[in-house]
């Protein structure tokens, strides 16, 4: 699980969130919206044991890159939280957005966040050179104006489809939720289709070997 340590070294410490390990059987974090007037106040999210949580919604910090135009919202947009964890012998990035009632802009937030996550994944690959499987999951926690029966944190949500074919999970009126239950479901799907990898699963050589081949070709 060295990739978790590599990512911790890469990220600005100011965006990393503390997780709570006070429960004997569960590691968890309390998610909150940045907007103090938001209706979706807090969500208790149960995490896999090996997890890092950070935020890409950081208006007070410098933009993601000096090379990108500072006024472009798509380039610098980000979701509220990202969980990077090791579970079921796989690494996972889980993008999380908290919405009160209006889901406006969520697609752009997920897409710009996933682009930055791919960048982070490539940096980890430069460090370890390992062609490991990584999964990417998108979650929206939202509130409904209608009264709904409360569900338990183990209840699995339905997937919602963007118009261009991308999927995300929409979770309504939950105060607690278990990532492990969701990743169990995701892992089974990836096992059935032999692993949909969004990063470097198809690389058959390590980074060091790639460098050797490139150097040989130059001589």
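The values are calculated or read from the model by the stated rules, or taken from the named source; none is laboratory data. Computed from a prediction, not measured in an experiment: that's the story for all the values here. When we count neighbours, we look across all protein chains shown, and the Cβ atoms used for this are built from the backbone with ideal geometry, even at glycine.
In the condition set (1) modelled with pLDDT of 75 or more; (2) part of a strand (DSSP E or B), residue 160 is compliant with all but (1). In the set (1) touching a strand residue (DSSP E or B) at 6+ places or on another chain (Cβ under 9 Å); (2) at pLDDT below 80, the condition left unmet by residue 184 is number (2).
Yes or no, residue by residue, for (1) in a strand (DSSP E or B); (2) in contact (Cβ under 8 Å) with a residue 12 or more places away in the chain; (3) touching a helix residue (DSSP H, G or I) at 6+ places or on another chain (Cβ under 6 Å):
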site: 67; (1), (2), (3): no, no, no
site: 74; (1), (2), (3): no, yes, yes
site: 82; (1), (2), (3): yes, yes, no
site: 96; (1), (2), (3): yes, yes, no
site: 107; (1), (2), (3): no, yes, no
site: 112; (1), (2), (3): no, yes, yes
site: 119; (1), (2), (3): no, no, no
site: 124; (1), (2), (3): no, yes, yes
site: 132; (1), (2), (3): no, yes, no
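Among the residues of the range 15-42, those that are modelled with pLDDT of 90 or more and not in a loop (DSSP other than H, G, I, E, B) comprise 15, 16, 17, 20, 27, 28, 29, 30, 31.
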